[in-house]
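Data block below; observations after.
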Amino acid sequence: MATEHIDVHHVAGLARLELTEAECAVFQRQLEAILGHAESLAALDVTGIEPTSYPAPVYDVMREDEPRASIPPEAVLANAPDQAQGQIRVPKVIADA
Amino acid sequence: MSLATATISALRKQLVAGEITAVDIVDALAASISAQDGEIGAYLATNLDDARAQAAAADLSKPLGGIPIALKDNINVLGEQCTCGSKFLAKGYTAPYDAHVTGLLRASGAVLFGRTNLDEFAMGSATENSALKVTRNPHDLSRIPGGSSGGSAAAVAADLAIAALGSDTGGSIRQPASHCGIVGLKPSYGRVSRYGLVAFASSLDQIGPMTKSVEDAALLLQAIAGPDHRDSTCLNVPVPDYSADLHKGVAGMKLGIPKEYFGEGIDAEVRARVQASVKRLEAAGAEIVEISLPHTEHAVATYYIIAPAEASSNLSRFDGIRYGQRAASPADLLDLYKRSREEGFGPEVKRRIILGTYVLSSGYYDAYYTRAQKVRTLIRRDFENAFQQVDAILTPVAPAPARKIGEFADDPLHEYLSDIFTLGPNLAGLCAISVPAGTVTSDTGTELPVGLQILAPHMAESTLLRVAKAAEM
């Protein structure tokens, strides 16, 4: 882990965040400090150590394959910022031919 | 004495005896809120008419019959807003369903009472990251209540609520409980369903009780614990009677003092209060054993990789499409996503999304995320080894009492480091509780509460509560 690695502007794009230049500058400084602190982990020997994803033993939880009622579509659509014909409306995603 | 100052257990006795009505309790809380919440700012929303209607219809034969419970505003209640303290959800989201705990509270006869303030999406330790409101510590209005469940803690501490639910990802129940002088319990991972809790970090989040007494914490945990088919990480383990062993005391128990939790960086007065609690437990018959949790110093780095990684994934759902904030006149779909998120999220949320996206990105995933997950294993093993020797562990909750509002505003790393004592239990999935351990006098003469943290093994809530009861002042 080297310092001065994070390019906040680039990562914000990956995270679908449109940051201002001022925000980028502040986050750049703060995140460098946080990632600098995180470097302490590089000194630990983790050879042969299994990663922990969940702290409790939960593997392959299965349930009966039975249909259950779900939230009605009209209740979901009630929150949609824009809707038409029982669907959530979004900007066009297919380029003009 | 106003009914608003009473505990759940005291009110239940009076309700069952017919000495008071559930509406009387709501009326008492309404009077407290009207007198005090203007300056404290614990609540984001209350609906007193609805609360009175629920109270009037409450089934007093149920375990929490007629008891108002406040909910942190990241827990879904059918038909109510659930803002998560964020501009993103302040408009355009009404919950279309009940969280599992919400349904359980209804089934136990409780009155759903008010929505409390929080750090945006539960990300913070001061409630200062709420985009919607400032919440102040009832013991000193110039200071933070702690966070992220600061609204719930302040409400209970100031008798604006009988009890409340909070959520705890890295200390968000225990630290505000400590700062506000109340009891706050983080259940073991998988003890309480997360269904309907707006997800921050799914492998760490738990909902838990925030109360005026240990007895009340046991009662409220009883109501919300247990399996739920809608949360596959919620364990199908029987729920014991949490009040049964409460008064059995600590005689013969072994309680561990981890030396790493009492070293540099802890306020001397805080250390003294915690040590006084340890002495009391020793006098009550517990054997005090010094133990070591050698990877403690790595908890902050580990947590602040894993939690933001999970957050960056969980918060991708806030995209401006289905609910909440949507940017006006987008050029295209990508522009809609990016500007909706820029407009809707505050700085701490953006910071953590960027950090989490970075540690999960190609080329950095193994160096940060996988390595942090491996260190998480080491931290978990530290606790497993410790619990071979002791029944429970005693530590401070926070290194210092509540700080002033606005301090360290530009130094997130400083704020993260102050979470050092509460992160380990989340990483390891343990149950943990904060119990009042006295106060420290501030430079302006106010009395600032300090909490004792007790940790017990996974699913050992009965042990946790028993030690907490013995430690209660």
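The values are calculated or read from the model by the stated rules, or taken from the named source; none is laboratory data. If you're wondering where the values come from, they're calculated on a predicted model, not measured in any experiment. Note: ideal-geometry Cβ built from the backbone for every residue, glycine included; neighbour counts use all protein chains shown.
Residues B:SER178, B:SER188: which one is touching a residue at least 60 places away in the same chain (Cβ under 8 Å), over 10 Å from the mean Cα position of the chain (by Cα) and assigned to a helix (DSSP H, G or I)?
B:SER178
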For the range B:211-259, how many residues meet the condition of being among the acidic types (Asp, Glu) and either surrounded by 19 or more Cβ atoms within 10 Å (Cβ to Cβ) or under 19 Å from the mean Cα position of the chain (by Cα) (or both)?
4
Lone unmet requirement of (1) within 23 Å of the chain's Cα centre (by Cα); (2) surrounded by fewer than 17 Cβ atoms within 10 Å (Cβ to Cβ) for B:GLN36:
(2)
Considering residues of the range B:345-367 that are more than 7 Å from chain A (Cβ to nearest Cβ), surrounded by 24 or more Cβ atoms within 10 Å (Cβ to Cβ) and not hydrophobic (A, V, I, L, M, F, W, C) only, the residue farthest from the chain's Cα centre (by Cα):
B:GLY356
Of (1) part of a helix (DSSP H, G or I); (2) more than 17 Å from A:GLN30 (Cβ to Cβ), B:ALA331 satisfies every one except (1)
Return only the number of the condition from (1) within 8 Å of another protein chain (Cβ to nearest Cβ); (2) part of a loop (DSSP other than H, G, I, E, B); (3) touching a residue at least 12 places away in the same chain (Cβ under 8 Å) that B:PRO294 does not satisfy.
(1)
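Being outside any helix (DSSP H, G or I) and either in contact with a Leu (Cβ under 9 Å, 6 or more places away or on another chain) or within 19 Å of B:LEU465 (Cα to Cα) (or both) is the filter here; which residues of the range B:374-399 pass it? Step through it out loud before you land on a result.
Going through the range B:374-399, the residues outside any helix (DSSP H, G or I) turn out to be B:390-399.
Result: B:VAL390, B:ASP391, B:ALA392, B:ILE393, B:LEU394, B:THR395, B:PRO396, B:VAL397, B:PRO399.
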What are the residues in the range B:126-164 that are closer than 12 Å to B:ILE40 by Cβ and among the acidic types (Asp, Glu), if any?
B:ASP140, B:ASP159
Top-ranked residue in the range B:303-322 [being closer than 15 Å to B:ALA90 by Cα and either of a type in the set (S, T, N, Q) or surrounded by 23 or more Cβ atoms within 10 Å (Cβ to Cβ) (or both); ranked as nearest to the other protein chains (Cβ to nearest Cβ)]:
B:GLY320
Given the conditions (1) in a helix (DSSP H, G or I); (2) more than 7 Å from every other protein chain (Cβ to nearest Cβ); (3) charged (D, E, K, R); (4) farther than 24 Å from B:GLN275 by Cβ, every one holds for B:ARG371 apart from (2)
Restricting the range A:14-62 to residues that are exposed (fewer than 15 other Cβ atoms within 10 Å of the Cβ), acidic (Asp, Glu) and within 30 Å of B:THR377 (Cα to Cα), which is nearest to the other protein chains (Cβ to nearest Cβ)?
A:GLU50
Select from the range B:65-96 the residues that are assigned to a strand (DSSP E or B) and without any contact (Cβ under 8 Å) to a residue 60 or more places away in the chain and write down the one among them that is farthest from the chain's Cα centre (by Cα).
B:THR94
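Based on this model, can you work out whether B:LEU334 counts as facing chain A (nearest Cβ under 10 Å) and more than 24 Å from B:ARG381 (Cα to Cα)?
Yes.
With respect to B:LEU71, determine if the residue is modelled with pLDDT of 95 or more, away from chain A (no Cβ under 14 Å) and surrounded by fewer than 24 Cβ atoms within 10 Å (Cβ to Cβ). Explain how you work it out, then say what you get.
Values: modelled with pLDDT of 95 or more: yes; away from chain A (no Cβ under 14 Å): yes; surrounded by fewer than 24 Cβ atoms within 10 Å (Cβ to Cβ): no.
Against the criterion (modelled with pLDDT of 95 or more, away from chain A (no Cβ under 14 Å) and surrounded by fewer than 24 Cβ atoms within 10 Å (Cβ to Cβ)), B:LEU71 does not qualify.
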Of A:ALA84, A:ALA80, A:ALA56, which residue is without any contact (Cβ under 8 Å) to a residue 24 or more places away in the chain and farther than 28 Å from B:GLU310 by Cα?
A:ALA84
Condition check for B:PRO238: free of Cβ contacts under 8 Å to residues at least 24 places away in the same chain, away from chain A (no Cβ under 13 Å) and farther than 16 Å from B:LEU105 by Cα
yes
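With the structure loaded, tell me whether B:THR370 is under 20 Å from A:VAL46 (Cβ atoms), surrounded by fewer than 24 Cβ atoms within 10 Å (Cβ to Cβ) and within 26 Å of the chain's Cα centre (by Cα) or whether it fails that test.
The answer is no for B:THR370.
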Would you mind finding the one in B:GLY170, B:GLY184, B:GLY190, B:GLY166 that is in contact with a Phe, Trp or Tyr (Cβ under 6 Å, 6 or more places away or on another chain), under 24 Å from B:VAL237 (Cα atoms) and crowded, with 24+ Cβ neighbours inside 10 Å?
B:GLY170
Answer yes or no as to whether B:ALA301 is aliphatic (A, V, I, L, M) and touching a residue at least 40 places away in the same chain (Cβ under 8 Å).
yes
Quick check, is B:ARG339 facing chain A (nearest Cβ under 7 Å), outside any helix (DSSP H, G or I), crowded, with 21+ Cβ neighbours inside 10 Å and more than 26 Å from the chain's Cα centre (by Cα)?
no
Filter pass, A:ARG89 being touching an Asp or Glu at 6+ places or on another chain (Cβ under 6 Å) and over 30 Å from B:ALA372 (Cα atoms)
yes
Within the range B:411-429, identify whether any single residue is crowded, with 19+ Cβ neighbours inside 10 Å, touching a residue at least 60 places away in the same chain (Cβ under 8 Å), within 11 Å of chain A (Cβ to nearest Cβ) and not in a helix (DSSP H, G or I), and answer yes or no.
yes
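Could you tell me which of the residues B:ALA437, B:ALA398, B:ALA392, B:ALA460 is away from chain A (no Cβ under 12 Å), under 15 Å from B:GLY171 (Cβ atoms), touching a residue at least 12 places away in the same chain (Cβ under 8 Å) and among the small types (Gly, Ala, Ser)?
Details: B:ALA437 fails: under 15 Å from B:GLY171 (Cβ atoms); B:ALA392 fails: under 15 Å from B:GLY171 (Cβ atoms); B:ALA460 fails: under 15 Å from B:GLY171 (Cβ atoms).
Answer to the check: B:ALA398.
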Taking the range B:119-171, which residues are of a type in the set (Asp, Glu) and either outside any helix (DSSP H, G or I) or in contact with a strand residue (DSSP E or B) (Cβ under 6 Å, 6 or more places away or on another chain) (or both)?
B:ASP119, B:GLU128, B:ASP140, B:ASP159, B:ASP168
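Which is out of contact with any helix residue (DSSP H, G or I) (no Cβ under 7 Å at 6 or more places or on another chain) and within 23 Å of B:GLY184 (Cβ to Cβ), of B:GLU384, B:GLU348, B:GLU342, B:GLU415? Even if it seems obvious, please write down each step before you answer.
Working: B:GLU384 fails: within 23 Å of B:GLY184 (Cβ to Cβ); B:GLU348 fails: out of contact with any helix residue (DSSP H, G or I) (no Cβ under 7 Å at 6 or more places or on another chain); B:GLU342 fails: within 23 Å of B:GLY184 (Cβ to Cβ).
Going through B:GLU384, B:GLU348, B:GLU342, B:GLU415 in turn, the sole match is B:GLU415.
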So, in the range B:153-163, of the ones that are in contact with a Lys or Arg (Cβ under 8 Å, 6 or more places away or on another chain) and closer than 14 Å to B:LEU105 by Cβ, which residue ends up surrounded by the most Cβ atoms within 10 Å (Cβ to Cβ)?
B:ILE162
